[in-house]
Amino acid sequence: MTRISHARTQEAAERRTSLYGGESSRRITVRDIAAAKESGERWPMLTAYDAMTASVFDQAGIPVVLVGDTMGACHLGYDSTVPVTLEEILVLSAAVVRGTERALIVGDLPFGTYQAGPEQALRSATRLVKETGVGAVKLEGGERSARQIDMMVAAGIPIMGHLGLTPQSVNAFGGYRVQGRGETAARQLVRDARAVQDAGAFAVVLEAVPEEVATEITAALDIPTVGIGAGPNCDAQVLVWTDAMGLTPGRLPRFVKKYSGLRDTLDEAARTFAEEVVSGVFPAAEHAYH
Ligand code: KIV
């Protein structure tokens, strides 16, 4: 075997690396994501907004971590994603990149940083990639965002689309509602998905859409669909980490499954700490310097 063909065989083997549970410790790239669609491998994605949480997910083997604008509610105390700024996304995306070694990090373009047109989108996405080191950028919208996606992809920026319940449009939707119900809305969603793919995106999030529509889109597209409230037939599934790990207070959407009870764990630990300080149990002898 020549050195070149050996290198090619190795490269092909590397490309076949499983997204979850694979041996490779190099960063996941959009080529790996494309290979997973080809081989039918399903994969998980979680959000993260800080270095430490991201490092836990990275070491657990989560192949794609999204620094989503859900940071607005989950991290910054806003009541929606609408007030999130590019500066906030930049700071937290850089932290997540620093906290991870293997995961592909996707940074979100917040409301008002791409809707004005392709040039604005490219300016925002360029800052996100250059100043933080994220490997890809996400934005909301189908046909309405196709020109933006096209220009960013042409500039060499991998793009993840986002369709269905796009939370930056919450004021236009009149609340957080399932999208794509009924024939007309479903057909528009399919057109949007094709527009995102044709513009060059490497993946598309489908949020809160009927399972049947998500299944149709997943079968029709060559790029993977990432479902959140879109049923079991998407190529990948994403959850907001504070929802999935039980840190978010109050009622959660029905598509969330809680994998942990962090809020109760932290509450109990904080109370124990407080009681031990008040009673003098903490600090004990082993916690003191002499
Ligand atoms: O911002 C975000 O976290 C998202 C996910 C819900 C997909 O867009």
Centre separation in Å (Cα based) which lies between the stretch 228-270 and the stretch 174-194: 25
Peptides 100-108, 19-27 ordered by average Cβ neighbours within 10 Å, highest first: 100-108, 19-27
Dipole of the chain, positive end: most advanced residue of Ala103, Ile89, Leu252 [Cβ charges, Cα centre]: Ala103
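Going by average Cβ density within 10 Å per residue, which order do the peptides 158-168, 259-269 take, highest to lowest?
On the way: 158-168: 25.5, 259-269: 12.4.
Descending packing order for the listed peptides: 158-168, 259-269.
Find the relative contact order for the chain and round it to a whole percent, using C-alpha pairs within less than 8 Å whose residues are 6+ positions apart. Can you show the working numbers first?
Values: 529 pairs, mean separation 39.8, N = 290.
About 14 percent, as a whole number.
Translational diffusion coefficient, Stokes-Einstein: compute it for the chain using the Kirkwood radius over C-alpha pairs as Rh, at 25 °C and 0.890 mPa s, and state it as an integer in µm² s⁻¹. Present the calculation step by step, with values, prior to reporting the outcome.
Details: Rh = 20.1 Å.
For these conditions, the coefficient is 122 µm²/s.
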Under the span-like rule (Cα at least 20 Å along the axis, Kyte-Doolittle mean at least -1.0), DSSP H helices of the chain: 118-132, 183-198, 262-279
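May I ask you to list the trypsin sites (Lys or Arg not before Pro) in the stretch 133-194 that are in a DSSP loop and have at most 11 other Cβ atoms within 10 Å of their Cβ? Please report the intermediate quantities before stating the final value.
Numbers: sites: Lys138, Arg144, Arg147, Arg177, Arg181, Arg187, Arg191, Arg194; in loops: Arg177, Arg181.
Answer in residue order: Arg177.
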Where labels lie 7 Å past Cα in the beta-carbon direction, separation of Tyr176 and Arg271 in nm: 2.7
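Readers should treat all values here as calculations from the given coordinates under stated rules, not as data from a laboratory. Given the structure is predicted, the values throughout are model-derived calculations rather than measurements. A quick note on method: Cβ atoms are made from the backbone with ideal geometry, for glycine too, and the neighbour counts reach across all protein chains shown.
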